Structures are given as structure tokens and as C-alpha cells.
Amino acid sequence: MQPSTILDAGTILRNRYEILELVGQGGQGAVYKSTDHRLEGRICAIKETLPLLSAYQGNGLLEQVAEQFRKEASVLARLDHPNLPKVSDHFSIDEREYLVMDYVLGKDMLDIIRETKRENRFLDEQKVLGWADQLLDALQYLHSQDPPVIHRDIKPANIKVTAQDIVKLVDFGLVKELQSDDIRTVTVVQGRGTVAYTPLEQYGSDSFTDTRTDIYSVGATLYHLLVGEPPADAKERFLHPKALKPIRELNPQVSPSVANTIFMALNMQPDDRPDTVNELRELLGGTQLPSVITSPSSKLRQTPWNVVFRKNLSLVGTALTLLFIAGVISFYELNFWAFLGF
């Protein structure tokens, strides 16, 4: 079985799950709508994950990937929250990993954004804040687990809204238990998130991501919902600090407090974001006065510079790498034009 093969309708997995149709496909797998032959009438979603075989065969890492998947699947199976689909089963076939979960009927938020843009209008702020409240409920539940669970791939395409206006965070592809001493985690199963919603620290080691990584992604999601376009990604913002367009310039209907709170969540430095989901919720609800993104937080000003440096070592490394790449590109561009005689 080749990694690129898509399962045909009618394929039966584990003598139980019959594939009905392909729902979505990405670089590391696919999601299928399926029926469960053991529970008559039950429709489920099956997420298939493909490890990068060519890079990890022959050195024992495939076994680590499989073990990591089983560990993450067991974490997901114990979760139970109204804004999360219930994971009911997991298994492996031919080095492919499968998660079985509730199939959620509804539109994903990316489709809702596209429909709204076609109608040449913006989503209502109160409607978006109502969805945000449900999303934050789910994240508060994940982050309150022992150890905390971070999602690391929050984005409109991974959030569905049912006909009853219930929000479901449906994709668990990058979920990870947060363990401060776990510095050797294989990251093949999780991947790296989606660029527009991914903070800079997520491009480094897993040991530099924490619950504030999810807060950045929530901020990026709310930005996209309210203005109809995703924010400039973190790498672009590092190279061009003014790349992030002010929300109220794009949609003047957004209240200043909500716009400032979203900008706070989108801070490049984790220490400048709200520390917790509850803090973000309070800021969005207007019970606290959010500062704007251009003001350094008082918390950061009171922290010794060497502590800040150590806590943000991953950001420093990523920043230096981006500067090096930019320099190389500029060097070759200059030499190219010189060669042409300009």
C-alpha cells in the first residue's frame, strides 16, 4: 500500500468500518466519512495519518512514531467535552495510523468565511464572540488536563458549526500532552500546523510550545473570521514588522477592545500574549482593558533580560535562521542583476 493511495468507497477497515467517501485530504493523510457495522446507523469520521516513510525507515524512528500515535490516541480517547468530537477507537494498518471519532454535521468556519465574502459582508462581531466562547470552553478543558493538552492546529477549517450553532473543534492531528521534560518527542505524526495560524515558536522544538501557542492560533482564527482574510504569518511579520494589517482598517465594525485583544493574542512573543484561556475570554468580554500590540506588556518589562532570552531561545534561533535566509536571497539577487549589467 503506497502512502499516497486514497481509500476507495466500500473499503472495510478492521472488519468494522466501511469507507463511504473522502471528506478531506492533506499532505500527511486524509479524513473519511464511514459507517460502523457493529453499531447500526452510526456514522463516524476516520482520520488516517501517513508517516514520512522514506525519512524514517531503518533507524527505529517508525516504531517511535507508532508509539507516539498510540500515546496521543489514548489521550484523545479519555477526553469528553460537548465542543469536542468523541474519539472511540484507534488502530494501525500497514504503517498507517487511524483515529475513529464522531462525524460532525455542519459547516466549517472556513466555508462560512468564504460564503460571507461572496455576499460582500462581514460576520457579526457578537456571533463570532459567541463561537469564540464555545471554542475557549473546549481549550480550557484541554489545557486543564493533567498534564495539559495543547492542540497546535486551531484554524477555521478545523472548527465546525452545527445547525444548532454548536462549535466543534474537529481536528486532533497535532494534539500533544505538555510535558516540560519531554525534549525528544518525534513530531512526524503531529506535523507543524498551518502557516497563517502558527506562532513563531512552533517552528522550533516542541519544548518551546505551550498553551499560549493555542492562544495565538485562536487570535489568528478570530482575525480571519472578523476581517475575511487570514493574518500575515509569523515569519512574514518577523521580516516585515508592519505586515499585520490593523483589524479596524479592514473592518471598522469591530470594536476597539476586541481588535486590541486579538492583536494581543497575536503577539510574536509568548510572554506578551494572555497567559491563559480564561484571561483571553475576560479580555474579549470587556471585563479587562486590553493593551495594544505595540505596547510591551508590564509583565515582560519586569522580567530580567536574561530570563526572557532563555524562555524565548527558540524564537531567537528561528529569527537568526530567517535573517540568514533573507541575506542569502538578497546576495543572490544582487549578483544576478550585476551579471545582467544593471
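The set of residues in the stretch 213-242 that are open to solvent by 40 Å² or more (accessible area, probe 1.4 Å), part of a helix (DSSP H, G or I) and either among the hydrophobic types (A, V, I, L, M, F, W, C) or farther than 21 Å from ILE154 by Cα (or both) comprises PHE238, LEU239.
Do any helices (runs of 4 or more DSSP H) lying entirely in the stretch 243-297 carry at least 3 residues that are aliphatic (A, V, I, L, M), open to solvent by less than 60 Å² (accessible area, probe 1.4 Å) and at pLDDT 95 or above, and which ones are they? Spell out the reasoning first.
Working: elements: 247-250, 256-265, 277-285.
In the stretch 243-297, 256-265, 277-285 are the helices (runs of 4 or more DSSP H) which contain 3 or more residues that are aliphatic (A, V, I, L, M), open to solvent by less than 60 Å² (accessible area, probe 1.4 Å) and at pLDDT 95 or above.
For the criterion of being at pLDDT 95 or above, among the charged types (D, E, K, R) and surrounded by fewer than 17 Cβ atoms within 10 Å (Cβ to Cβ), ARG114 passes.
Somewhere in the stretch 122-138, is a residue among the hydrophobic types (A, V, I, L, M, F, W, C) and open to solvent by 40 Å² or more (accessible area, probe 1.4 Å)? Among the residues of the stretch 122-138, at least one is among the hydrophobic types (A, V, I, L, M, F, W, C) and open to solvent by 40 Å² or more (accessible area, probe 1.4 Å), which makes the answer yes.
The values are calculated or read from the model by the stated rules, or taken from the named source; none is laboratory data. Everything quoted here is computed from the prediction, not taken from an experiment. Positions of Cβ are generated from backbone atoms using ideal geometry, with glycine treated the same way; all protein chains shown enter the neighbour counts. Accessible surface is based on the protein model in full, side chains and every heavy atom, while ligands, DNA and RNA are left aside. Shrake-Rupley method; radii C 1.70, N 1.55, O 1.52, S 1.80 Å.
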